[in-house]
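The values are calculated or read from the model by the stated rules, or taken from the named source; none is laboratory data. What you are looking at is a predicted structure, and each value in this text was computed from that prediction instead of being measured. With ideal geometry, Cβ positions are generated from the backbone for all residues, glycine too; neighbour counts draw on all protein chains shown. We work out accessible area using only protein heavy atoms, side chains counted, and drop any ligands, DNA or RNA first. Shrake-Rupley method; radii C 1.70, N 1.55, O 1.52, S 1.80 Å.
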Amino acid sequence: MVYKYMLIFLGAAVPWLEVIAVVPAGIVWGLAPFLVMVVAFMGNMLSVLVVIFGFDQLKRWYVRRREAKGKESSKGSRRAVAFFHKYGLAGLGLLGPLLIGTHIAAFIGMALGASKRAMSIWIGVGIAVWVAIFGITTALGFDFFTQSI
């Protein structure tokens, strides 16, 4: 049973999979909803903190990679920058996990000058909010459907 929670932790740490997919999957899988939410939060937050605190090295790697391939900024990145300018760091931290993913939101926030502390706090709050929303609604909905049948 422990291995299932380890899979939740690892799945939440993977960009684009993250808590939005992993939390409902873990609950539907029959795991304890509260524990799934805690483990998923920790997995996602830990991997995002690696992005935030390793930002300087990650930025150098990303710029070299993009220049080597001659790539322009992606549509998602341009949209995230516009979103940041419109709603600020709080908006990026709260809505970024849902709209563009936590890792990209953290990277863009850092690239636009957010402090590591502020970015960590807002992304943490955003992850917690979405974990709670997806966890509670999945647990209640799954419980409702299993009792109705």
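Relative contact order of the chain, please, whole-number percent, based on alpha carbon pairs below 8 angstrom and at least 6 residues apart. Numbers along the way, then the final one.
Working: 168 pairs, mean separation 45.1, N = 149.
Contact order relative to length: 30 percent.
What is the helix-to-structure angle for 2-13, meaning the angle in degrees between its Cα long axis and the longest Cα principal axis of the chain, kept from 0 to 90 and rounded to the nearest 10?
Rounded to the nearest ten degrees, it is 30.
How many angstrom separate the Cα center of region 1-51 from the Cα center of region 55-126?
Answer, in whole Å: 22.
In units of 2.2 N^0.38 Å, what is the alpha-carbon radius of gyration of region 74-129?
0.94
If you build a Gaussian network model of the chain, linking Cα atoms that sit under 10 Å apart, which residue out of Arg117, Arg79, Arg66 swings the most?
Ranking Arg117, Arg79, Arg66 by mean-square fluctuation puts Arg66 first.
Which entry in (i) 46; (ii) 37; (iii) 51 matches percent of Cα pairs over 21 Å apart derived from the coordinates of this structure?
Comparing each candidate, only (i) matches the computed number.
In region 1-104, which GluC sites (Glu not before Pro) are in a loop and have at most 12 other Cβ atoms within 10 Å, using DSSP for the loop call? Could the numbers behind the result be given before it?
Working: sites: Glu18, Glu67, Glu72; in loops: Glu72.
Of the GluC sites (Glu not before Pro), the ones in loops of region 1-104 whose Cβ has at most 12 other Cβ atoms within 10 Å are Glu72.
Give the accessible surface of the chain per residue, rounded to a whole number of Å², with probe radius 1.4 Å and ligands, DNA and RNA excluded.
On the way: 8650 Å² over 149 residues.
For the chain, the per-residue accessible area is 58 Å².
Treating the angle as unsigned and between 0 and 90°, give the value, to the nearest 10°, between the Cα long axis of helix 33-53 and the longest Cα principal axis of the chain.
10
In nm, what is the difference between 0.36 nm times the number of residues separating Leu46 and Glu67 and their Cα-Cα distance?
Working: separation 21, 0.36 × 21 = 7.56 nm, distance 2.88 nm.
Length difference between fully extended and current span is 4.7 nm.
Which value in deg cm²/dmol, rounded to the nearest 500, describes the helix-derived mean residue ellipticity at 222 nm for the chain, given -39,500 (n - 2.57) per DSSP H run of n ≥ 4 and division by the residue count?
Details: 7 runs with 127 residues, N = 149.
Result for the chain, helices only: -29000 deg cm²/dmol.
Gaussian network model of the chain, Cα springs within a sub-10 Å range: biggest mean-square fluctuation belongs to which of Lys59, Lys116, Lys75?
Comparing Lys59, Lys116, Lys75 in the GNM, the peak value goes to Lys75.
Where does region 1-55 land on Rg(C-alpha)/(2.2 N^0.38 Å)? Working shown, then result.
On the way: Rg = 10.9 Å, N = 55, 2.2 N^0.38 = 10.1 Å.
Ratio of Rg to 2.2 N^0.38 Å for region 1-55: 1.08.
Please work out the FRET efficiency for the pair His85 and Ser115, using the Cβ-Cβ distance as r and a Förster radius of 22 Å; give the result to the nearest 0.05. Please report the intermediate quantities before stating the final value.
Working: r = 17 Å, r/R0 = 0.79.
It comes to 0.80.
So, with +1 on the Cβ of K and R and -1 on the Cβ of D and E, and no other charges, what is the size of the charge dipole of the chain about its Cα centre, to the nearest 20 debye? Mind dumping the intermediate values first?
Numbers: 14 positive and 5 negative charges, 158 e Å.
The dipole magnitude comes to about 760 debye.
As I understand it, the value is the acute angle between the Cα axis of helix 55-69 and the longest principal axis of the Cα atoms of the chain; what does it come to in degrees, rounded to 10?
Once rounded, one gets 70 degrees.
Using a Cα-Cα cut-off of under 21 Å, which lysines could be cross-linked to Lys116, ignoring same-chain neighbours fewer than 8 residues away?
Cα-Cα hits under 21 Å: Lys59, Lys86.
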